[in-house]
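Enquirer: Quick one: the structure is below, and I'll ask about it shortly.
The values are calculated or read from the model by the stated rules, or taken from the named source; none is laboratory data. None of the values given here were measured: they were computed from a predicted structure. Cβ placement follows ideal geometry from the backbone for every residue including glycine, while neighbour counts extend to all protein chains displayed. Just the protein is used for accessible areas: all its heavy atoms, side chains included, with ligands, DNA and RNA removed. Shrake-Rupley method; radii C 1.70, N 1.55, O 1.52, S 1.80 Å.
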Amino acid sequence: MERLETIAERIRADFETRNGIRDEVLHRTRELIRLCGNAIRAGHRNEWVEARALLGEADSLAAAILEVLQPYPDLRHAGYTRDAMKELVEAHATLALVEGTPVPEPEDLNVTYPSYLNGLCEAASELRRRSLDEMRRGNLEEAERLLELMDAVYDVVNTFDFPNAITGGLRHRVDQLRGVLERTRGDLTSSLRQDRLIQALHEFETRVESS
């Protein structure tokens, strides 16, 4: 029994360490998610300096989290860690797609493939907000460009037909993206028709005034 007690104490010490690391990482991942969300919002407001600064803070925090978790690979693959890294990918991809710059690769962000694909999928969904803003501004050409990017991302992520245990629930997000994509396509089609109608009315008025 004395030997079992020694083993139990060793396990308890390990659990206490892991629990402390878990609490620390949980707090940091919440901060990481907040920074990523703020970076995306700044990008939507075209405040690119602030967006990049926030994204830089997020990168530094993500690196610190992964360093802490290096001895604990099981905690790195915990749900809260995966979600935070997915948000990091979403922020990077959203800003890159809006700016027209290359989307970082998973190795550049030091994220797992499931986090990368899920984050990319959510970035494409995030473009709907930007596209609607451009429609309201009357910038239908930019709205169409964003829709094409959403389409391109969907075409890529839709090819990954693997179990959720491997992809981290990607299929559900792909299904959501398809719905977002179709709604955005419908909104843009309506805006284009309205724009053409207005142009036709203006041309008609011009012909009437000149006759």
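Enquirer: Heavy atoms of the protein only, probe of 1.4 Å, neighbouring chains included. What is the accessible area of residue 26 in Å², nearest 10?
Expert: Near enough 40 Å² of accessible area.
Enquirer: When only alpha-carbon atoms are used, what values of Rg and Dmax, in angstrom, describe the chain?
Expert: 23.2, 107
Enquirer: What is the log10 of I(q)/I(0) for the stretch 56-132, computed with the Debye formula using one identical point scatterer on each Cα and no solvent, at q = 0.17, 0.18, 0.21 Å⁻¹?
Expert: The Debye formula, applied to the Cα set alone, gives -0.63, -0.69, -0.90.
Enquirer: Residue by residue through the stretch 77-90, which ³J(HN,Hα) values in whole Hz follow from phi under the Karplus form 6.51 cos²θ - 1.76 cosθ + 1.60 (θ = phi - 60°), with glycine and proline marked x?
Expert: The phi angles translate into 9, 5, x, 5, 6, 4, 4, 5, 5, 4, 5, 5, 4, 4 Hz.
Enquirer: Over the chain, with the other protein chains present, what is the accessible area per residue in square angstrom, probe 1.4 angstrom?
Expert: Details: 12280 Å² over 211 residues.
On a per-residue basis, the chain sits at 58 Å².
Enquirer: Going by accessible area, probe 1.4 Å, with all protein chains left in place, what is the ranking of 11, 21, largest first?
Expert: Per-residue accessible area, sorted high to low, gives 11, 21.
Enquirer: What order do 153, 103, 49 take when sorted by accessible area (1.4 Å probe), most exposed first?
Expert: 49, 103, 153
Enquirer: While we're here: According to the square roots a ≥ b ≥ c of the eigenvalues of the Cα gyration tensor, what is the shape class of the stretch 92-202, taking rounded for a/c under 1.5, prolate for a/b larger than b/c otherwise, and oblate for the remainder?
Expert: Prolate, since a/c reaches 1.5 and a/b exceeds b/c.
Enquirer: Can you compute the FRET efficiency between residue 22 and residue 140 using 1/(1 + (r/R0)^6), with r the Cβ-Cβ distance and R0 = 45 Å? Round to the nearest 0.05.
Expert: Computed FRET efficiency for residue 22 and residue 140 comes out at 0.40.
Enquirer: While we're looking at this one, here's another question. How large is the helix-only mean residue ellipticity at 222 nm for the chain, computed as the sum of -39500 (n - 2.57) over DSSP H runs with n ≥ 4, divided by its residue count, in deg cm²/dmol to the nearest 500?
Expert: So the helix-based figure for the chain works out to -29500 deg cm²/dmol.
Enquirer: Need one number: nm distance between label points at residue 161 and residue 176, each 7 Å from Cα along Cα→Cβ, rounded to one decimal.
Expert: The modelled label-to-label distance comes out at 2.3 nm.
Enquirer: Would you please give the FRET efficiency between residue 44 and residue 9, computed as 1/(1 + (r/R0)^6) with r the Cβ-Cβ distance and R0 = 41 Å, to the nearest 0.05?
Expert: 0.15
Enquirer: Classify the stretch 2-64: rounded, prolate or oblate, from the alpha-carbon gyration tensor (a ≥ b ≥ c, eigenvalue square roots; a/c under 1.5 rounded; otherwise prolate if a/b is larger than b/c)?
Expert: Prolate is the answer for the stretch 2-64, as a/c is 1.5 or above and a/b outweighs b/c.
Enquirer: If you keep only loop residues by DSSP, which GluC sites (Glu not before Pro) in the stretch 89-149 have at most 14 other Cβ atoms within 10 Å of their Cβ?
Expert: Listed in order of number, the matching sites amount to none.
Enquirer: Got a number for carbon plus sulfur as a percent of the stretch 13-69's accessible area, 1.4 Å probe?
Expert: It is 54 percent, rounded to a whole number.
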